[in-house]
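Structure in structure tokens, see below.
None of the figures in this text is laboratory data; all of them are computed from the coordinates on show. This structure is a prediction, so every number in the text was calculated from the model and none was measured. Positions of Cβ are generated from backbone atoms using ideal geometry, with glycine treated the same way; all protein chains shown enter the neighbour counts.
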Protein chains: 2
Amino acid sequence: MSSDGTGRRPTIYSVADRAQVSIATVSRVLRRPDEVRPATRDRVLQVVDELGYVPDGAARSLAVKSHEAHGLVLPELGGPYYADLLTGYEQGAADGGASVVVLLTDGKADVDLLVRRLAGRVDGIVLMGAVQVAPTTVAAIRRKLPVLGLANSHEESVESFVTENVHSAEELTRHLVEVHGRRRLRFVGSPDIADDVHDRYAGFVAAHQAAGLEAAPPVPATFREEDGPRVAALLLEGELEADALVCANDELALSVMRHLSAGGVSVPDQVSVTGWDDGMAARYVTPGLTTVSQPVRELGRQVAVRMRALLEDPTSVPEQHLLPTTLVVRQSCGCP
Amino acid sequence: MSSDGTGRRPTIYSVADRAQVSIATVSRVLRRPDEVRPATRDRVLQVVDELGYVPDGAARSLAVKSHEAHGLVLPELGGPYYADLLTGYEQGAADGGASVVVLLTDGKADVDLLVRRLAGRVDGIVLMGAVQVAPTTVAAIRRKLPVLGLANSHEESVESFVTENVHSAEELTRHLVEVHGRRRLRFVGSPDIADDVHDRYAGFVAAHQAAGLEAAPPVPATFREEDGPRVAALLLEGELEADALVCANDELALSVMRHLSAGGVSVPDQVSVTGWDDGMAARYVTPGLTTVSQPVRELGRQVAVRMRALLEDPTSVPEQHLLPTTLVVRQSCGCP
DNA sequence: CAGGACAAAGTAAGCGCTTACGAGCGATGG
DNA sequence: CCATCGCTCGTAAGCGCTTACTTTGTCCTG
């Protein structure tokens with residue numbers, strides 16, 4: 001076995017052979033260098049270099065019973081939200097020496113299968129609330145590894161991180177009502193599409209109640225830009241009466257705003273429009289988009305850190321984490 | 001060994017025991033179901049379900065000598081560019097049953113080490129041109145697995161995908177010169193920061209030569225929004241004379257544009273500003289940002305597909321791939 | 001009813017690495 | 001001068017899975 005390095009991919013055996021040591025020593029040189037005599041170490045290192053040896057991660061994982069990787073399951077990567085989340089998470093994971101495997105579910109048929117498979121390649125999985133996974137799947141993988149939820153405020157059984165939605169939506173709505181005297185507000189977004197949206201609408205409703213107003217039903221829409229024209233059209237054609245549109249996120253808000261302006265409706269003079277997420281575009285449009293900022297990157301990082309803790313001590317008590325948001329007032333609500 | 005499933009994580013042994021079959025049969029049930037009698041199959045599947053068994057990916061990888069994963073090394077995930085790229089890549093990889101492990105290098109100290117480690121966990125690696133990796137590292141990992149370059153037009157030795165930069169930059173510049181009569185154009189961005197930028201500047205210069213003009217040296221700047229204010233200030237304070245700013249990407253352009261306006265300089269009346277990437281914000285700002293659109297998601301997908309081909313047939317001839325870009329003319333250049 | 005063909009399932013040999021354990025050996029101290 | 005200690009390093013036993021090969025059992029066929 002084990003040629004002197006002529007073989008395609010060098011293994012720990014090739015290195016050992018060529019350096020005249022046992023594979024144990026090669027392993028030691030790489031993992032606990034100070035347990036081997038400098039002379040030996042150098043010799044081994046040189047061979048490692050010559051051969052371009054890179055230890056096989058799978059073999060290592062198998063031996064140490066740890067994948068040194070986390071799985072992150074997101075619906076997609078559009079908009080700044082998920083990208084920031086991933087950025088934060090990757091940092092947090094990398095700080096602990098783990099890589100992250102991303103699984104984007106949008107447009108994929110057998111999400112449950114994919115998630116299960118993923119569960120076999122990582123030490124822990126973070127599941128975004130917006131991805132549709134069968135409860136039985138979640139239950140199954142939880143038996144194998146820690147699972148953390150994200151923005152899934154209504155799945156109590158899984159430890160999760162959510163950003164505050166209800167109160168910020170309430171604050172935003174109140175701002176429109178009290179400061180700008182809006183009375184015919186509509187919420188744009190489908191509450192059943194994600195827990196996030198559900199909670200934002202709940203805050204919208206709560207603010208109405210507090211002000212003695214009645215909240216109109218939500219105008220259904222996805223998170224995507226594509227839905228903007230349709231919503232704008234409803235209003236332009238008079239099918240929707242509103243002096244304020246509270247949109248589920250920035251993409252939607254920007255798109256609506258643009259098509260409203262194009263249709264001759266002035267924002268914010270005739271209609272206030274607000275978003276959610278505070279992405280880059282929100283700062284650059286005119287009028288500036290009033291929106292809610294979430295510490296997304298930080299959120300990602302915290303989730304990763306928590307996951308690491310969970311992996312070290314699986315008995316640690318589950319907790320629900322709530323992260324604060326900030327209302328960012330610009331001009332699209334009517335403020336100067 | 002192998003309890004009947006009481007142990008923490010069920011393995012193929014626990015399943016086999018409980019279903020009264022050998023581990024080979026369990027494996028078959030999972031990988032080649034039709035090679036086992038339905039009755040047996042069902043019995044095994046039921047146990048799999050009961051125990052919540054998920055095969056260990058590392059063990060499988062070791063046995064089949066394939067990680068069924070690709071590595072994607074990016075500097076960061078800011079802006080739409082990398083996120084789209086990743087989205088496309090993940091799709092392409094998933095179509096081939098592979099997951100993708102992302103490595104974000106910005107802010108990380110030992111990138112070379114991380115890349116090497118990554119090389120041990122995946123079947124192939126895609127390296128963004130903008131990440132700083134030592135040539136020796138690249139050489140080392142290339143001996144172990146296929147490496148594909150991205151937007152690294154000047155690293156000839158590695159098979160790579162680049163989007164067209166020179167001609168589009170030339171076209172963009174010509175547009176400013178011929179259509180809008182600009183004469184004092186400046187390129188904003190550091191050509192040495194990435195091959196992309198280098199080529200865009202080259203196109204900028206080429207257009208000047210073709211028009212019998214002399215191209216001014218570039219105004220150094222990174223890809224980030226943060227550099228905008230400084231650049232705008234140069235112009236506002238008269239240290240920079242220009243009637244057109246060709247920026248290396250959208251973030252930079254948007255930021256510059258905004259700070260220029262804030263400083264009382266009218267865009268595009270006094271100064272044209274252009275970007276690169278055609279992100280969401282480019283469509284929503286006023287004036288609309290004239291920029292260059294790249295088929296980024298498609299690019300990502302193609303790279304993934306190529307990687308899969310390379311993995312199947314490592315002898316396939318390396319080729320350089322060039323993807324087209326499109327000039328997107330909006331108002332920031334001076335067009336109505 | 002013997003013999004062969006074929007389907008189903010078991011046996012066992014790895015895949016490449018980590019690490020507990022122990023052997024060898026020069027240094028140390030009583 | 002010999003028992004001990006401590007440092008280095010080799011031996012070998014897995015880690016959990018896949019799969020070539022073999023065995024066993026069934027069902028035809030002539």
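How far, in nm to one decimal, is A:A63 from itself in the other copies if the label point is set 7 angstrom along Cα toward Cβ? Shortest first, please.
Those label-point separations list as 2.0 nm.
Taking a ≥ b ≥ c as the square roots of the Cα gyration tensor eigenvalues, with a/c under 1.5 meaning rounded and otherwise prolate when a/b beats b/c, else oblate, which class fits segment B:166-294?
rounded
Please name which of A:L74, B:V158, A:S255 has its Cα lying farthest along the dipole of the protein assembly as shown towards the positive end, using unit charges on Cβ (Lys, Arg +1; Asp, Glu -1) and the Cα centre as origin.
B:V158
Let me ask another. Considering only the label points, 7 Å along Cα→Cβ from Cα, what distances in nm to one decimal separate B:E178 from the same position in each other copy, shortest first?
The answer, with the shortest distance listed first, is 5.9 nm.
Net charge within 15 Å of A:E225 by Cβ-Cβ distance, Lys/Arg positive one each and Asp/Glu negative one each, not counting A:E225 itself? Before the final figure, lay out each step's value.
On the way: positive: A:R224, A:R230, A:R258, B:R283, B:R297; negative: A:E76, A:D106, A:E226, A:D227, A:D250, A:E251, A:D277, B:D84, B:D278.
Charge balance in the 15 Å sphere: -4.
Between B:D243, B:D106, B:D227, where does the largest GNM mean-square fluctuation fall for chain B, given springs only between Cα atoms within less than 10 Å?
Top of the fluctuation ranking is B:D106.
Along segment B:33-42, what does the Karplus equation 6.51 cos²θ - 1.76 cosθ + 1.60 (θ = phi - 60°) give for ³J(HN,Hα), rounded to whole Hz, x for Gly and Pro?
Taking θ as phi minus 60°, the curve returns x, 7, 8, 10, 4, x, 4, 4, 4, 4 Hz for segment B:33-42.
Let me ask another. Tally the DSSP beta bridges in chain B and give the antiparallel ones as a percent, rounded to 5. Don't skip to the end; give the middle numbers.
Values: 3 of 32 bridges.
Roughly 10 percent of the DSSP beta bridges within chain B come out antiparallel.
Choose one of A:V102, A:L85, A:S61: the residue whose Cα lies farthest towards the positive end of the charge dipole of segment A:1-144 (beta-carbon charges +1 Lys, Arg; -1 Asp, Glu; about the Cα centre).
Checking the options against the dipole of segment A:1-144, the answer is A:S61.
Further question: Determine, from the Cβ-Cβ distance of B:C335 and A:R183 and an R0 of 41 Å, the FRET efficiency 1/(1 + (r/R0)^6), rounded to the nearest 0.05.
Values: r = 41 Å, r/R0 = 0.99.
Taking R0 as 41 Å, the efficiency between B:C335 and A:R183 is 0.50.
Right, next: How big is the charge dipole of the protein assembly as shown about its Cα centre, in debye rounded to the nearest 20, if each Lys and Arg gets +1 on its Cβ and each Asp and Glu gets -1 on its Cβ?
Approximately 2100 debye in magnitude.
Going by alpha carbons, how many degrees (0 to 90, nearest 10) lie between the helix axis of A:296-312 and the longest principal axis of chain A?
40 degrees
Another question, then. Per residue of A:103-111, how many C-beta atoms from partner chains lie within 10 Å of its own C-beta, taken as a mean?
2
In nm, to one decimal, how far is the modelled label at B:S266 from the one at A:T222, with both set 7 Å along Cα→Cβ?
With each label placed 7 Å out from Cα toward Cβ, I get 4.2 nm.
Among A:R60, A:R183, A:R174, determine the one that fluctuates most according to a GNM of chain A built with springs between C-alpha atoms less than 10 Å apart.
Among A:R60, A:R183, A:R174, the largest mean-square fluctuation in the Gaussian network model of chain A belongs to A:R60.
With springs only between Cα atoms under 10 Å, which of B:S27, B:S66, B:S168 fluctuates most in a Gaussian network model of chain B?
Result: B:S27 has the largest fluctuation of those listed.
Sticking with this structure for a sec: How large is the charge dipole for chain B, taken about the Cα centre, if only the Cβ atoms of Lys, Arg (+1) and Asp, Glu (-1) carry charge, to the nearest 20 debye?
My answer is approximately 1240 debye.
If you count the DSSP beta bridges with both ends in the protein assembly as shown, what percent of them are antiparallel, to the nearest 5?
The answer is about 15 percent antiparallel.
Now a separate question. Put a label point 7 Å from Cα along the Cβ direction on A:T326, then list its distances to the equivalent points in the other copies in nm, shortest first.
Label-point separations across copies, in nm and ascending: 3.8.
Then there is this: A:S293: net charge of surrounding residues, Cβ under 9 Å, Lys/Arg +1, Asp/Glu -1, itself excluded?
-2
Right, next: What percent do you get for the relative contact order of segment A:218-266 when only Cα pairs under 8 Å and 6+ apart count?
For segment A:218-266, the relative contact order is 47 percent.
Compute the helix-to-body angle for B:79-95: its Cα long axis versus the longest principal axis of chain B, expressed 0 to 90° and rounded to tens.
Approximately 30 degrees, to the nearest 10.
Shifting gears a bit: Could I have the simple spin-label model distance between A:A211 and B:E35, label points 7 Å from Cα toward Cβ, reported in nm to one decimal?
Rounded to a tenth, the inter-label distance reads 6.8 nm.
If I take every Cα pair under 8 Å that is 6 or more residues apart in chain B, average their sequence separation and divide by the length, what percent do I get for the relative contact order?
Computed over chain B, the figure is 16 percent.
Taking amide H positions as placed 1.01 Å from N in the peptide plane, with prolines and chain starts having none, which residues 5 or more places from B:V328, or on another chain, fall under 5 Å of its amide H?
Distant-sequence amide H within range of B:V328: B:T291, B:V292, B:S293.
By how many nm would the segment from B:Q46 to B:A139 grow when fully extended, if each residue of separation counts as 0.36 nm and the alpha-carbon distance is taken off?
Working it through step by step, the gained length comes to 28.7 nm.
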